[in-house]
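The values are calculated or read from the model by the stated rules, or taken from the named source; none is laboratory data. Predicted model, so just to flag it, every value in this text is computed and none were measured. Using ideal geometry, Cβ is built from the backbone for each residue, glycine included, and neighbour counts are taken over all protein chains shown.
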There are 2 protein chains.
Amino acid sequence: MGRRRAAIVGAGHTRFGALAEGPRALLRTAISGAFASVDKGLAPSDVREAYVGTLGFSGWQLGNVSAVVAEEAGLVSAPVTRVENACASAGFALRDAVRAIESDATDVALVVGLEKMTDPTPTRRRYWLGVSGDTEWERLAGLTFAGVYALLASRHQHEYGTSREALAEVAVKNHAHAVANPNAQFRKPVTVEQVLASPRVADPLRLLDCCPVSDGAVALVLAGEDRARAYTDTPVYVAATGAGSDYLAVQERPSLTSLAATRWAAEEAFRRSGLERRQISFAEVHDCFTIAELLALEDLGFAAPGEAAALTHSGATRLGGAFPVNPDGGLKAKGHPIGATGASQAYEVFQQLRQAAGARQVRGAERALTHNVGGSGASATVTIFSVA
Amino acid sequence: MGRRRAAIVGAGHTRFGALAEGPRALLRTAISGAFASVDKGLAPSDVREAYVGTLGFSGWQLGNVSAVVAEEAGLVSAPVTRVENACASAGFALRDAVRAIESDATDVALVVGLEKMTDPTPTRRRYWLGVSGDTEWERLAGLTFAGVYALLASRHQHEYGTSREALAEVAVKNHAHAVANPNAQFRKPVTVEQVLASPRVADPLRLLDCCPVSDGAVALVLAGEDRARAYTDTPVYVAATGAGSDYLAVQERPSLTSLAATRWAAEEAFRRSGLERRQISFAEVHDCFTIAELLALEDLGFAAPGEAAALTHSGATRLGGAFPVNPDGGLKAKGHPIGATGASQAYEVFQQLRQAAGARQVRGAERALTHNVGGSGASATVTIFSVA
């Protein structure tokens, strides 16, 4: 197969948090940052295709986000496509951009992730999040995403004896990582005791087990591998992508302690890349709640079922450990502007594999994996990146 | 270039109109129809990728449409991606599915288009449509899509002397075509006099110049050309796709008598296909308002600027004419369930190029073009199909 790979050659990132800027300003910051980051320069006219992932909070007053991206990126005439797969929107947008390059449709593509979550009222925000879960059996019965993940956490505790402290340690680790990330929403460490004493949200999950409500945007510039070195001497290659789907309602699924969409996505990505788990230097996983990071480690095959808590306790997933997870702070502490998250994970990989992550650098990182989940596991993407 | 082409091997279509069925039922009808239409049979497990185009009316109570499609199609485990580019959502979804096949990511892909427009209140519906146009200079000033297209019509009349009757003739033709389409929303002919006497909506456009509010869903099964004949002896090949973007607000654009996104999309599609305009047997164009069909004929290169009215007057664009346009009745009379339209156009091409369109058959059709517009021209796709 003569398919050429795609490579990231530039990336831009706004701060994540409750920001004053509106969606157009966030887009401009991320996109202009990505263009400016291309070492050997990039003319916007080189970009002949763009994808934007966004759930649509910003769409409350500003729809047709594709056209807005074309305007703000200075790309008018080039096609822009909006992709929406709930919290996995940018993961799927990245996948489409990779294929646009693999199919020779374009040499250079832009991927954007965006969410402006703090503008709508809390009621409206609850609605926008809620409709990404199951409506008939969950949302209309009052079950929120925190409630769904609390169910998964309870069952994981029941089946594997996963401790409340193990969940807290995920938060502690990711908050510690975020201290070194200037774009992170929360840059202060927390202790296990603080997590356990924080207000209960949905038992057993407490406030510090939950990712925050965030605004933010991220942009990535991709090029075909035959063109990548015209833009930088240190491109980061997309070795493979994988994706999967599952039933919306957790009650329809055979297991509450595993997200099958993640398993299928990982299986495809590893099969297509020809790589093994042990060859991956670090991972960016979708830790919307602390339990989600444990599920991810098991479903991605980095820990056996029920063993992610022990892996976390061992310190292996901390920066400096054998297999760091979420060195940027993860959704938990960096923030989770829904449609931006999948692109933010790839941004971190771009910095790390270029050895440009500063104080949070994973030493000698050569290959990395990103994992982006939609809904409570209704969809997932896994992308594997490599320095060569 | 060794890229394999994609081919349509099956297609399903609900009726269009104000329907009692909810979005899940519409999806089931369209998808099961598409699967059942595959001549030599199709196992849902053959489908390893799906794209769904929808603006999101159905999302008002039912979000995460990708997961809903996975469930209703019996595809759970396979990735499904939602694409939203306003009224061009399904055109862009089709384009992504074509690339999934061209890049060897999958052998068989499903494309779905869906909209359930009649559920929300009129106020809510106006909002959903409105945010697909420009917000700052159009929507918040009270300009609806009918208003925007009325501006384009006025300017076309001013620059080219396009008559009020020429606009009416587009409606008369498309209503006449829809009589022979069992899925069409309006199956009764109208006269020029009736169009001219219908209530004024936004001068010079009247009620019968405007497409209706519609519910509906359409599904297409695509296969790689190396696999297509395992499914049918009469696949319809995608010769090429093209797409373009433009500024959201018409005031930002250099011309009010041409949609540049359509011109760019057509230029790309013709260049990639290596075909000439005169080789196209018929076209399905985006006639959301009568003026839009005239603009499309000129921007696609089937008429010189200002000449589409004369072409229409000549009868060439009628069934039986030299170059039939919208033989299925078009958005104008078949209906325009926003996210379904781009897939419905391809459905018509599939029937026509297999010589299976019954009373509305374009005799000897061998190649066809579909044209799908987002917003008032903020984006557009053009797809060229061929029997060989």
Open item on the list: Quick check on region A:99-111: of everything there that is closer than 20 Å to residue A:12 by Cβ and surrounded by fewer than 24 Cβ atoms within 10 Å (Cβ to Cβ), which residue is nearest to the other protein chains (Cβ to nearest Cβ)?
Closed with: A:106
TODO: Looking for whichever is in contact (Cβ under 8 Å) with a residue 24 or more places away in the chain and either touching a His at 6+ places or on another chain (Cβ under 6 Å) or farther than 10 Å from residue A:286 by Cβ (or both) here; the options are A:335, A:374, A:342, A:330. Which one fits?
DONE: A:335
TODO: Evaluate region A:86-97: report whether one residue or more is among the aromatic types (Phe, Trp, Tyr), within 13 Å of chain B (Cβ to nearest Cβ) and buried (at least 18 other Cβ atoms within 10 Å of the Cβ).
DONE: yes
Open item on the list: Among the residues of region A:161-196, what is the count of those that are more than 23 Å from residue A:116 (Cα to Cα) and touching a strand residue (DSSP E or B) at 6+ places or on another chain (Cβ under 8 Å)?
Closed with: 4
Task: Candidate set: region B:14-44, residues that are in contact (Cβ under 8 Å) with a residue 24 or more places away in the chain and within 14 Å of chain A (Cβ to nearest Cβ); chosen: the one farthest from residue B:125 (Cα to Cα) - done: B:44
- [ ] Please work out if residue B:126 is among the basic types (Lys, Arg), within 14 Å of chain A (Cβ to nearest Cβ) and in contact with a helix residue (DSSP H, G or I) (Cβ under 9 Å, 6 or more places away or on another chain).
- [x] no
Open item on the list: For region B:69-84, give me each residue that is touching a Leu at 6+ places or on another chain (Cβ under 8 Å) and either assigned to a loop (DSSP other than H, G, I, E, B) or more than 7 Å from chain A (Cβ to nearest Cβ) (or both).
Closed with: B:69, B:72, B:73, B:75, B:84
TODO: State which residue pairs qualify: first residue on the phi > 0 side of the Ramachandran plot and inside region B:293-306, second residue at pLDDT below 95 and surrounded by fewer than 24 Cβ atoms within 10 Å (Cβ to Cβ) in any location, beta carbons under 8 Å apart, and separation of 6 or more residues or different chains.
DONE: none
Task: Number of positions in region A:120-133 that are over 21 Å from the mean Cα position of the chain (by Cα) and either closer than 18 Å to residue A:305 by Cα or touching a residue at least 40 places away in the same chain (Cβ under 8 Å) (or both) - done: 2
- [ ] Run down B:340, B:365 and say which single residue is of a type in the set (A, V, I, L, M, F, W, C) and part of a loop (DSSP other than H, G, I, E, B).
- [x] B:365
Open item on the list: Quick check on residue A:379: is it at pLDDT 95 or above, in contact with a Phe, Trp or Tyr (Cβ under 8 Å, 6 or more places away or on another chain) and within 14 Å of chain B (Cβ to nearest Cβ)?
Closed with: yes
Task: Selection from region B:273-302 of residues that are under 26 Å from residue B:3 (Cα atoms) and hydroxyl-bearing (Ser, Thr, Tyr) - done: B:273, B:281
- [ ] State which residue is surrounded by the fewest Cβ atoms within 10 Å (Cβ to Cβ) when the search covers only region A:58-68 and only residues that are among the polar types (S, T, N, Q) and outside any helix (DSSP H, G or I).
- [x] A:61
TODO: Name the residue, out of A:241, A:290, A:234, that is within 14 Å of another protein chain (Cβ to nearest Cβ), under 26 Å from residue A:322 (Cα atoms) and modelled with pLDDT of 95 or more.
DONE: A:241
Open item on the list: For region A:95-136, which positions are assigned by TED's automatic domain parsing to the domain that holds residue A:47, part of a loop (DSSP other than H, G, I, E, B) and farther than 25 Å from residue A:335 by Cα?
Closed with: A:103, A:104, A:105, A:106, A:107
Task: Members of region A:234-261 that are in a helix (DSSP H, G or I) and out of contact with any Ser or Thr (no Cβ under 9 Å at 6 or more places or on another chain) - done: A:251, A:252
Task: Per-region count, region B:197-206, residues loosely packed, with under 15 Cβ neighbours inside 10 Å and among the aliphatic types (A, V, I, L, M) - done: 1
Task: From the options B:187, B:155, residue that is assigned to a loop (DSSP other than H, G, I, E, B), basic (Lys, Arg), within 25 Å of residue B:295 (Cα to Cα) and modelled with pLDDT of 95 or more - done: B:187
